[in-house]
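Some notes on the structure that comes next.
The values are calculated or read from the model by the stated rules, or taken from the named source; none is laboratory data. Note that the coordinates shown come from a computational prediction; the quantities given were computed from them, not determined experimentally. Just the protein is used for accessible areas: all its heavy atoms, side chains included, with ligands, DNA and RNA removed. Shrake-Rupley method; radii C 1.70, N 1.55, O 1.52, S 1.80 Å.
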Amino acid sequence: MAHYRGPDPKREQFRRYLEKAGVVDSLTSVLVALYEQQEKPNNALEFVKEHLGAAGVTSADTEALQQEVMDLRQRCARLTEENKDLKTRLQHYEPEDGATAD
């Protein structure tokens with residue numbers, strides 16, 4: 001007869017690792033969302049994959065991406081203004097009507 005020896009230390013360490021990394025919470029959230037679906041999807045695995053993918057984007061990732069978008073928009077505005085300025089300066093040397101400045 002086998003005797004119960006308590007929880008396996010390696011298993012407990014792995015469980016704590018998954019909890020700390022947020023894996024348990026993410027899986028639980030996705031499984032609850034699947035459970036709460038009125039009409040169950042034909043492919044439960046695809047449902048889980050799609051929802052886990054969305055759950056993997058953290059607010060830190062979102063903030064970093066939003067900051068990058070703002071930086072790129074500012075850069076685009078500066079480059080657009082510089083382009084406009086350079087075109088204006090170029091007009092002094094090469095008028096668009098085909099005439100040459102002598």
- Item | Heavy atoms of residue 80 accessible to a 1.4 Å probe, total area in Å² rounded to 10 | 80
- Task: Report the extension gain between residue 82 and residue 10 in nm, rounded to one decimal, defined as 0.36 nm multiplied by the number of residues separating them, less their alpha carbon distance.
- Result: 19.8 nm
- Give me the accessible area of residue 15, 1.4 Å probe, in Å² rounded to the nearest 10. 90
- Any aspartates and glutamates with Cα under 13 Å of the residue 20 Cα? List them, leaving off those in the same chain fewer than 8 positions away. 12
